[in-house]
């Protein structure tokens, strides 16, 4: 019995030793991201394939859930992530609250559109995502699809629309900012402002946790109309699902997806290598073809499925300073007061 | 203890001392008991502290009115109790006649009902929820399309809407019915028939006999089944997550999202915990009463089957409804969707494929999740059984002081919502001093959660197994010169082997598809099948891939049950 225990103990020590030795040899990298797995994991894996010396691990959760995990870890003084890839507004909030981000100037920053660069170097833009209206092509012919957000308030769309819940989706705050603040300031309330959501409520709008679920509901036709993000809408098209999208006439809120290094990261060099990769030609090409984003690199080609380029549509940059953590709380509270 | 004389008790103690094993045995007992107390009491003690203190650590009761004054918490609380109440009532209304029909009448389709009860117990409810989203989605759900066609309705939505509070109730009923069925069918089958015979001889009709004699005799069993259904509904997570229904288990998770609020999560968890424990306490009382009732009147022979003529088909129809809506329809739907290329093209012929089954084995997320679930289920059920053997031995075979506390502590997790436990574990293992263990965000924290949740199975089944082994065998071995370890190894363990195996399988069945704790505890590389299915449901891989993984979970669990029945020679439908 004692001998067995001794052997087991030696075996344990040996495997622990081997494990430690193995982890000392290879570099490691922990990536946290908020977008659907099939939109970003292939990008992570492409980096892993290009750097076999680095053991890459990634964790995906809906953005608000991911933020909770990051905050938990920061509070406990045990941040695990080396790089976080989420919306710039969320990263901005993380920096405001915890001073959690590390500044970095990636190799190919000069190739990135000037207006997107962060002078402080805390956020590296890696893709542009747009708010839009997705619809099911089997249930709604293109000519009948809404052309602008206000068209969604037509009573004929009763029980047909799905949106995301700001409690779990970060980009839901982009839609809410655009419709309740930007458009209300530009064209008045009503029809925009929270009044817009009150009218949507009258049409029994449904809210779900993520834009991935919107994609599923639109393609089944259960909710043939959704306020969606470009990357999920593009995935529907490349996957051959019966869905298309409309870039609304009011304009398309352009949300920056950015990568940031976390302060106190255990693998800063690997993290920097990953951020560098995201800005390379190959990285940006993947962000477009797999991720469904608009590229941030000027040299990377991009066209919408209808042949238009980014310059042909009206984009509205998201006001990062407006969507603060306090504003998010207000969004969640007001949204749920209306939807209850 | 029964029949043990003072002298042979003295002999056994002497023998143990002589062999020098007692100290080591005591050490094992103490360590196991300490581990049990640690695993259950620490997270909940910490949460009780969080919920009863303010930000500065001063004692306060202000958290309760503070958080329950918030609209979404208030709504979640009301929903939880109202909906669980509705589930319980309806489960009893369906479960009791079904149990009566199967055990006491000549209804048709008894096999279908038993099969459905088994499937409802062993498979996680969120699989049904996924299937019913496709079946009863208000706009394009297949059942809605069929109903609109059959009833000639010109509306574009409904008449069924699964995304509602009623959706929660309807999808929770199959599980609730199964619990009520298991408790009451056993009571009906073991009932002394002499009172019924007396009633019949006195001129009562079968209907009068059933209503005045049979049903009242089974009322304690019905109550315990209903309480079990209520308790399970209180802790339900998967169904409300998929249907987006605001109940307390969901509110606990949301209060751990932004803004991150430990005090809110703790206070809500404590409310669920108190309600669950109260239900559990009532359940134990009712089970005791039911057993007392049976002991007084039981004679050891089975009551006869009532011949109801064509009226038996009332029970047949109810059984058929239960079988179709709780088993055949949802699992048939999952199989169908798992073979679709894209859910948007529905039943079109060229939309069918088997590639989703390839996908779940080749893609990293489902593959890792399957491996993790196997590791966690195997490890947790093994630890659960090992702890169960030691604690079960302590409770059933010794007079160690405090064993009654262990007995009660070991069933506590039955009434604990997985999300509440997970919230407690996160708070405990992310803060000092236990943060030093580094278990947060690893498979270890999931293992701790699983062992804590399923320890009742290990203790209960092993305790029962020990009680069934006569003390005399042990005594004989010791008197024959065997020391304590030899007695345990060569006499006791072989005799409780079947009970322990049964406990292992029940723990595995519960751990493999675990969702409510895992959804909060998963991190890099620690997804499990349930979180992977939800992730796919949220967009990754889509509904067909999620359905393929669901079908695989269903097959694994069903195969294991069939294997268990063959190996242990014991039906999983026995009331335990």
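Each reported figure results from applying straightforward, stated rules to the coordinates on display, with no laboratory input. Owing to the predicted nature of the structure, the values given are computational and were not obtained by experimental measurement. Every residue, glycine among them, receives a Cβ derived from its backbone with ideal geometry; neighbour counts consider all protein chains shown.
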Q | Shielding of A:57-68 by partner chains, average beta-carbon count, 10 Å | A | 5
Q | Relative contact order %, the stretch B:73-338, counting alpha carbon pairs below 8 Å whose residues are six or more apart | A | 34
Q. Comparing A:253, A:146, A:155, which has the greatest mean-square fluctuation in the GNM of chain A with Cα pairs linked when under 10 Å apart?
A. A:155
Q: Using label points projected 7 Å from each Cα along Cα→Cβ, tell me how many nm separate residue B:28 and residue B:197, to one decimal.
A: 4.9
Q: Work out the FRET efficiency for residue A:306 and residue A:156 from their Cβ-Cβ distance, taking R0 = 25 Å, and round it to the nearest 0.05.
A: 0.55
(Q) With angles folded into 0 to 90 degrees, how steeply does helix A:325-339 sit against the dominant principal axis of chain A? Use alpha carbons for both and round to 10. (A) 50
Q: Using label points projected 7 Å from each Cα along Cα→Cβ, tell me how many nm separate residue A:340 and residue B:375, to one decimal.
A: 4.4
Q | Centroid-to-centroid separation of the stretch B:47-87 and the stretch B:492-549 [C-alpha atoms, Å] | A | 29
Q: Give the distance, in whole Å, between the Cα centre of the stretch A:163-178 and the Cα centre of the stretch A:290-340.
A: 10
Q | Those residues of the stretch B:318-336 whose amide nitrogen sits under 18 Å from the label point placed on residue B:150, 7 Å along Cα→Cβ | A | B:318-333
Q | Between helix A:211-220 and chain A: long-axis angle, C-alpha atoms, 0 to 90°, nearest 10 | A | 60
Q.
Please compute the contact order of chain B in relative form: average sequence separation of alpha-carbon pairs under 8 Å and at least six residues apart, divided by the residue count, as a percent.
A. 21
Q | For chain A, calculated [θ]222 nm from helices alone, where every DSSP H run of n ≥ 4 adds -39500 (n - 2.57) | A | -12500 deg cm²/dmol
(Q) Need the C-alpha centroid separation for the stretch A:141-160 versus the stretch A:81-97, integer Å. (A) 34
Q: Specify the residue with the greatest mean-square fluctuation among A:297, A:117, A:215, computed from a Gaussian network of chain A linking alpha-carbon atoms under 10 Å apart.
A: A:117
Q. So for the pair residue B:437, residue A:263, with labels modelled 7 Å out along Cα→Cβ, what separation do we get in nm?
A. 3.1
Q: Over the whole of A:212-221, what's the average partner chain Cβ count within 10 Å per residue? Rounded to a whole number, please.
A: 6
Q. How high is the FRET efficiency between residue B:350 and residue B:205 when r is their beta carbon distance and R₀ equals 60 Å, given to the nearest 0.05?
A. 0.50
Q.
Can you compute the helix-only [θ] at 222 nm over chain B? Use -39500 (n - 2.57) per DSSP H run of at least 4 residues, normalise by all residues, nearest 500 deg cm²/dmol.
A. -23000 deg cm²/dmol
Q) residue A:322 label point, 7 Å along Cα→Cβ, cut-off 15 Å on backbone N: hits in the stretch A:196-237? A) A:196-197
Q) How far, in degrees from 0 to 90, does helix A:37-50 lean away from the longest principal axis of the Cα atoms of chain A, to the nearest 10? A) 40
(Q) Multiplying the sequence separation of residue B:53 and residue B:37 by 0.36 nm and subtracting their Cα-Cα distance, what value in nm do you get? (A) 3.5 nm
Q: Could you calculate the FRET efficiency of residue A:99 with residue A:28 from 1/(1 + (r/R0)^6), where r is the beta carbon distance between them and R0 is 30 Å, rounded to 0.05?
A: 0.80
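Any idea what the relative contact order of chain A is, in percent, if you count C-alpha pairs under 8 Å spaced at least 6 apart?
26
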